[in-house]
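What follows draws every value from the coordinates through simple rules; no lab data is involved. Computed from a predicted model, the values in this text were never measured in an experiment. With ideal geometry, Cβ positions are generated from the backbone for all residues, glycine too; neighbour counts draw on all protein chains shown.
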Amino acid sequence: MIDSPALMSDAKLLPDTGEPGFGIYVHWPFCAAKCPYCDFNSHVRHQPVDQERYVAAFLKEIATARQMSGPKTVTSVFLGGGTPSLMKPETVDAIMNGISRHWHVPDGIEITMEANPSSVEAERFRGYRAAGVNRVSLGVQALNDRDLKFLGRLHDVADALKAIRLARDIFPRMSFDMIYARPNQTVEEWESELKEAISYAVDHLSLYQLTIEEGTPFYGLHKAGKLIVPDGDQSAALYEATQEITEREGLPAYEVSNHARPGAESRHNLTYWRYGDYAGIGPGAHGRRLGRRTQRHRKPENFLAAIRRNGHGIVEEAMLSPREAADEALVMGLRLAEGIDAGAIADRFGVDAVDWDAVERLSASGHLKRAGTDIALTRRGRLLLDHILGEIAAVEMPIASAAR
Ligand SMILES: C[S@@+](CC[C@H](N)C(=O)[O-])C[C@H]1O[C@@H](n2cnc3c(N)ncnc32)[C@H](O)[C@@H]1O
Ligand code: SF4
């Protein structure tokens, strides 16, 4: 029985305050099958997963995370994976109740769940909605069956469209993910697929270029020369086409790979990139709070054992130096179209994140926009994000930036 009255209200989404906020990330680490490109912490189990055991472990971890964070107001919750839509609605409900028992969860905050089109059923979607989920992010990935097959997906286009329709009917907000820059994909093919995607989208889309991740089957094929991805020029042309079309259609990039109509940006994503604190719950989840970075056991069974031993799944905790924190805030913040306030970062951490001479140079060359201490990449600069980070960082950074 779903019983989250506090979360069931249809309160309007709270407006973005421009502040970093405090998010909760919950990781469900299981998938029905492993996609050959994916290096996320996801596991396939041939026996049914004992969800009650995981709920009990997650509730313990939530209680420990609350002790560590102190009283806080939550500004977003994100149920990610893996495939969270393999969770029973009761599992989601119990997790959401645990969160609202320990922190203040105002009506109208964003509560997102990732869902795979192959594991979507109307009844479960309604159950998630009743448990408080008010935004769904669907892993559509492609809108042609040949490429869905190549990506190893369990759904076809018809399943994806059904899931999109259902999500639009049941949730106030909906986004979906697409992967482009696939082998042999032409700009024309992608343009027409993207336009079709935009016609189904509501107000948010995540558009990722296919990346070849070490340790995945695609990596092996790529190394062996059997999987060839678009080269630099072709990727740039695909990226440019993506920016042009999404801007024209009113869904400009607010982050390197994320597009939204103004006001529909994912609050949870904004917390990451504005360098806000967030609690991580579940196997492999990361957290960040008060200058500390935490990382939990990735393997679900090791995570359960750690919860039994310690009441939390943390395997590694690092106190960041002011220098590391300022560098991270720069790396994250420059991904956003709104950019960073370098002055605020310097005040917050006591060290400069940027080399002002380099900022001047890159502003003059049209790669950066600058107003006082506010700095943002131009569209031209966004294509060269990694290079620009290397140029403007106040010191040489050990962190390889900008993954997806
Ligand atoms: C953690 S996955 C979870 C979503 C959900 N399990 C699904 O696959 O539908 C989040 C998104 O990352 C993107 N992604 C994962 N691996 C990628 C890769 N190697 N290159 C580009 N995008 C990737 C996909 O678009 C995926 O939807
Ligand atoms: S892309 Fe999604 S469904 Fe595929 S293995 Fe990764 S997390 Fe699982």
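Pick from Phe30, Phe58, Phe150: which residue has the top mean-square fluctuation in a GNM of the chain where Cα pairs under 10 Å get a spring? Most flexible of the set in this elastic network: Phe150. Extension gain for Ala318-His43 works out to 96.4 nm (0.36 nm per residue, less the C-alpha to C-alpha distance). The listed peptides 265-271, 191-197, 161-167, ordered by packing as a protection proxy, come out as 265-271, 161-167, 191-197 (highest mean of other Cβ atoms within 10 Å first).
Amide H to amide H distances under 5 Å link Val354 with Ala394, where only residues 5 or more positions off or on other chains count and H is placed in the peptide plane. Proximity of backbone amide H atoms, modeled 1.01 Å from N, is registered between Arg292 and Leu320 at under 5 Å, excluding neighbours fewer than 5 places apart on the same chain. Listed from fewest to most Cβ neighbours within 10 Å, the set Met178, Met96 follows the order Met178, Met96. Among the listed pairs Lys60/Lys88; Lys149/Lys226; Lys162/Lys226; Lys12/Lys162; Lys149/Lys195; Lys34/Lys88, which have their C-alpha atoms separated by more than 28 angstrom in this model? Pairs exceeding the cut-off: Lys162/Lys226. Evaluating 6.51 cos²θ - 1.76 cosθ + 1.60 at θ = phi - 60° for every residue in the stretch 366-377, the Karplus couplings come out as x, 8, 10, 10, 9, 9, x, 9, 7, 10, 9, 6 Hz, glycine and proline recorded as x.
Order by neighbour count: Ser257, Ser235, fewest other Cβ atoms within 10 Å first, most last.
Ser235, Ser257
The charge dipole of the chain, taken about the Cα centre with unit charges on the Cβ atoms of Lys, Arg (+1) and Asp, Glu (-1), comes to about 1260 debye, rounded to the nearest 20. Of the candidates Ser321, Ser175, Ser42, which one comes out as most mobile in a Gaussian network treatment of the chain with C-alpha springs shorter than 10 Å? Most flexible of the set in this elastic network: Ser321. Backbone phi angles across the stretch 113-122, fed through the Karplus curve with coefficients 6.51, -1.76 and 1.60 (θ = phi - 60°), yield HN-Hα couplings of 10, 7, 9, 9, x, 7, 10, 9, 9, 4 Hz in residue order; Gly and Pro are listed as x. Mind telling me which of Arg129, Arg379, Arg146 comes out most flexible in a GNM of the chain, alpha-carbon contacts under 10 Å? The residue that fluctuates most here is Arg146.
Size of the chain from its Cα atoms: along the principal axes, largest to smallest, the extents are 60, 51, 44 Å. The H on the amide N of Gly81, modeled in the peptide plane, is under 5 Å from the matching H of Trp28, each at least 5 residues off or on a different chain. The modelled label-to-label distance for the pair Gln67/Thr186, using points 7 Å beyond Cα in the direction of Cβ, is 6.2 nm.
Lacking any other cysteine beta-carbon closer than 4.7 Å, the following Cys residues of the chain have no compatible partner: Cys31.
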